[in-house]
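Visitor: First the structure, which I've put down as structure tokens, then a few questions once you've had a look.
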Amino acid sequence: MHIQILLYENMTALDAIGPYECLSRIPGVQLTMVGLDTGSVRTDTGSLGLMVDQILEDAPLADVVLVPGGPARGVVAMMGNERVKAWLQRQHAQTTVTASVCTGALILAAHGIVTSGPVASHWAAEERLKALGLAYSGQRITENGKVVTAAGVSAGIDMALALIDRLVDRETAELIQLGIEYDPQPPFTMHKTPEKMEAYMILSNKLADSRKQAIAGHDRA
């Protein structure tokens, strides 16, 4: 089985690394990080780099492709990138599964990979999905034919385990879940009330400002 994960500047690291930690444990799997250029891409925090091994045009046909999400500045760039569009459409024509995590669903939608039906994504992307003619499912994982989408960030782990069940078998998925000790017991019970969601968006804007400063600092260095 050959799996490709798209990496790009300003993406959210866990959107890719969470699924990677699960999918890379499939016996015999070939997993490649692909992108616009080989070398390091800097994630949305400004302080972590991930390595692209192969450019999109050189990537062979894969069984599974996965598109992570991130803040608007990285996702919007990928939504308008013709090279990403060509890669996605070429791959999707023959993949077994085309997947996204978080706002990666917006990239799939922008390039015509998913055009109808509900999709999972981060809750903050609901209005942007509607603008693209899609319905926000509100689910952790949503299957729409061979397009499988996951909600925000950590949901990529859930989706990857579900994909292993779908593409390999239940036992392998369960053993990998055991091996990575995935047994979520969050320290807080948090409900998505309008007040809490608004508070998070305020925090997110503050984070965006500090991350821009971190990126600028790395660029000067």
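Read the figures in this text as sums done on the coordinates, not as results from a lab. None of the values given here were measured: they were computed from a predicted structure. Backbone-built Cβ (ideal geometry, glycine too); neighbour counts: all protein chains shown.
Visitor: Collect residues whose amide H, placed 1.01 Å from N in the peptide plane, falls under 5 Å from the amide H of Ala99; neighbours closer than 5 in sequence don't count.
Guide: Val65, Leu66, Val67, Val148
Visitor: May I ask you to compute the full-extension gain from Glu195 to Ala208, defined as 0.36 nm times their residue separation minus their alpha-carbon distance, rounded to one decimal in nm?
Guide: Contour length minus the Cα-Cα distance gives 2.7 nm.
Visitor: Length gain on complete extension for the stretch Asp53 to Tyr182, per 0.36 nm per residue less the alpha carbon to alpha carbon distance?
Guide: 43.7 nm is the gain from fully extending Asp53 to Tyr182.
Visitor: So how much slack lies between Met1 and Thr38, counting 0.36 nm per residue of separation and subtracting their Cα-Cα distance, in nm?
Guide: Numbers: separation 37, 0.36 × 37 = 13.32 nm, distance 2.24 nm.
Length difference between fully extended and current span is 11.1 nm.
Visitor: Follow-up. Given the convex hull of the Cα atoms of the chain, what is a quarter of its surface area in nm²?
Guide: On the way: hull surface 49.5 nm².
Computed as one quarter of the Cα hull surface, the answer is 12.4 nm².
Visitor: Need the list of aspartates and glutamates near Lys192 for cross-linking: C-alpha distance under 15 angstrom, and skip anything on the same chain fewer than eight residues off.
Guide: Filter leaves Glu126.
Visitor: Can you tell me the order of 1-12, 195-206, 87-98 when each peptide is scored by its average per-residue count of other Cβ atoms within 10 angstrom, highest first?
Guide: 1-12, 87-98, 195-206
Visitor: Additional query: Defining a contact as two alpha carbons under 8 Å apart and six or more residues distant in sequence, what relative contact order in percent does the chain show?
Guide: Over the chain, the number comes to 19 percent.
Visitor: OK, next. Give the shape of the range 134-182 as rounded, prolate or oblate, defined through the alpha-carbon gyration tensor: a ≥ b ≥ c are the square roots of its eigenvalues, a/c under 1.5 means rounded, and otherwise the shape is prolate if a/b is larger than b/c and oblate if not.
Guide: Note, shape of the range 134-182 comes out oblate.
Visitor: Another question, then. I'd like the distance between the alpha-carbon centres of the range 101-154 and the range 1-47, rounded to an integer number of Å.
Guide: 19 Å
Visitor: If you take the charge dipole of the chain about its Cα centre, with +1 on Lys and Arg Cβ and -1 on Asp and Glu Cβ, which of Met51, His122, Pro27 is farthest toward its positive end?
Guide: His122
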